[in-house]
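This report refers to the structure that appears directly beneath it.
The values are calculated or read from the model by the stated rules, or taken from the named source; none is laboratory data. Keep in mind the model is a prediction, meaning the values are calculated, not measured. Cβ: placed from backbone, ideal geometry, glycine included. Neighbour counts: every protein chain shown.
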Amino acid sequence: MAKSLSEDLRIQVIGAVDGGLSRHAAARRFGVAAAPIIDRTPGVARRT
């Protein structure tokens, strides 16, 4: 099973998405999977 991400990393990825990156681009930038960060975080717009 995958290790959970720190709150700090989660905030950085969400901030990148809010800043205009697609969720997949933000996930690639930080080296994480897109689904656990964005899909399970309420209030984050989905931009693909």
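So which pairs qualify, if the first residue must be in the stretch 1-25 and touching a residue at least 24 places away in the same chain (Cβ under 8 Å), the second must be part of a helix (DSSP H, G or I) and among the basic types (Lys, Arg), the Cβ gap must be under 6 Å, and the two must be at least 6 apart or on different chains?
As it stands, the answer is Val17/Arg23, since those pairs meet every condition given.
Of the numbered conditions (1) modelled with pLDDT under 75; (2) outside any loop (DSSP other than H, G, I, E, B), Ala25 satisfies every one except a single condition; which is it?
With respect to (1) modelled with pLDDT under 75; (2) outside any loop (DSSP other than H, G, I, E, B), Ala25 is out only on (1).
Answer yes or no as to whether Arg10 is touching a helix residue (DSSP H, G or I) at 6+ places or on another chain (Cβ under 8 Å), assigned to a helix (DSSP H, G or I), at pLDDT 90 or above and on the phi < 0 side of the Ramachandran plot.
No; evaluated as a whole, the condition is false for this residue.
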